[in-house]
1. What tally of residues in segment B:76-123 results from selecting those that are in contact with a helix residue (DSSP H, G or I) (Cβ under 9 Å, 6 or more places away or on another chain), surrounded by 22 or more Cβ atoms within 10 Å (Cβ to Cβ) and assigned to a loop (DSSP other than H, G, I, E, B)?
2. Taking segment B:74-92 as the search range and keeping residues that are at the interface with another protein chain (Cβ under 7 Å from one of its Cβ atoms) and touching a residue at least 24 places away in the same chain (Cβ under 8 Å), which one is farthest from B:T115 (Cα to Cα)?
3. So which residues in segment A:110-124 are closer than 24 Å to A:I35 by Cβ and either at the interface with chain B (Cβ under 9 Å from one of its Cβ atoms) or among the hydroxyl-bearing types (S, T, Y) (or both)?
4. Looking at segment B:30-37, can you tell me whether even one residue there is more than 8 Å from every other protein chain (Cβ to nearest Cβ), in a loop (DSSP other than H, G, I, E, B) and out of contact with any Pro (no Cβ under 8 Å at 6 or more places or on another chain)?
5. Would you mind telling me which numbered condition in (1) in a loop (DSSP other than H, G, I, E, B); (2) of a type in the set (A, V, I, L, M); (3) under 28 Å from A:G97 (Cα atoms) B:I55 fails?
6. Among the residues of segment A:57-91, what is the count of those that are facing chain B (nearest Cβ under 7 Å), in contact (Cβ under 8 Å) with a residue 12 or more places away in the chain and buried (at least 19 other Cβ atoms within 10 Å of the Cβ)?
7. Among the numbered criteria (1) assigned to a strand (DSSP E or B); (2) surrounded by fewer than 15 Cβ atoms within 10 Å (Cβ to Cβ), which one does A:A13 miss?
8. Only one of these conditions is not met by B:A96: (1) within 26 Å of A:S44 (Cβ to Cβ); (2) away from chain A (no Cβ under 14 Å); (3) not acidic (D, E). Which number is it?
Amino acid sequence: MSDTTQMSAQEQAGRALVARAHFEKEAVWLPMLSIQHLNAGQTSIDGKTFTECLIEGPAVMAVMNGTTFDGCHMGVMTSPRTLLYKPLGDKLAGVVGMSNCTFVRCRFVQVGFTGADEMLAEMETMLISARGQSEGPAA
Amino acid sequence: MTDVYRPISRPLNVARDLGGSDIRDVDFSLFDMFVAESRKGHGLVQGKTVTNCRIQGPAVMLASNGVTFDAVNFGDTSGDMRNLILRADGQRAVGAIPFRDCAFVNCEFYGVGFTGPEDFLNQLRALTAPSAS
């Protein structure tokens, strides 16, 4: 545990946010969540569960090891690829890294996704499948 | 116009108002600028000249038509400009912060990724050093 006695109320609120493992039925502004983690010395967001949350950007999420999506609405799109970014280098800049996080029935707004090639392929398949389900069977 | 990037050495000066078209000698996060424009009903950041500013992420900038960079430090490349570049897979770039007709002059970027049209990405990729003119 870090010593929070010398922190401002704002900093303490940030640390409390970072310490939380579960978020349920609330709006989460991804850039702010990321900033609070960076301020706490954590370069990625790890081991959190989001249930029925509204996850808001603008942000590009780096989907890292152990992060899963279950019954989520990933965002408005004409093509699933619209939500995906391919990094040109080995490292990533400007993204919000998330590892071992679970998203259950969440809705994403203004959030793009990036990661390793395999993850991007997996995600595209998932998005196409999710779109097919939401459109229902052809008449 | 500045030809050579000059590191910003002034003390931190957090921007209080990002609504104007001439932003100078202040420090701000990219998403705060986007929020300021959103409050005015704008879906993108347009028509700004940003000079001598430190610009923080985490954010991915979509550099659309008319965005120029003059003597800026794009950030920590870890020796390869490609580490700052993301290519949007589709026609749009959801999650990136869109800019149009903006000029960045002698600015420093921290934790910002870049995306945009292929020719812009190629220009960025061709840079060999973290600063460029």
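1. 4
2. B:G75
3. A:Q110, A:V111, A:G112, A:F113, A:T114 - these are the residues of segment A:110-124 that are closer than 24 Å to A:I35 by Cβ and either at the interface with chain B (Cβ under 9 Å from one of its Cβ atoms) or among the hydroxyl-bearing types (S, T, Y) (or both).
4. As a first pass, look at segment B:30-37 and keep what is more than 8 Å from every other protein chain (Cβ to nearest Cβ): B:30, B:32-33, B:35-37.
The next check asks that each one be in a loop (DSSP other than H, G, I, E, B); those that pass are none.
For segment B:30-37, residues more than 8 Å from every other protein chain (Cβ to nearest Cβ), in a loop (DSSP other than H, G, I, E, B) and out of contact with any Pro (no Cβ under 8 Å at 6 or more places or on another chain): absent.
5. B:I55 satisfies all of (1) in a loop (DSSP other than H, G, I, E, B); (2) of a type in the set (A, V, I, L, M); (3) under 28 Å from A:G97 (Cα atoms) except (1).
6. Residues that pass the stated criteria total 10.
7. (1)
8. (2)
We did not get these values from a lab; they are worked out from the coordinates using the rules stated. Bear in mind that the values here come from a model prediction, so they are computed numbers and not experimental data. Cβ: placed from backbone, ideal geometry, glycine included. Neighbour counts: every protein chain shown.
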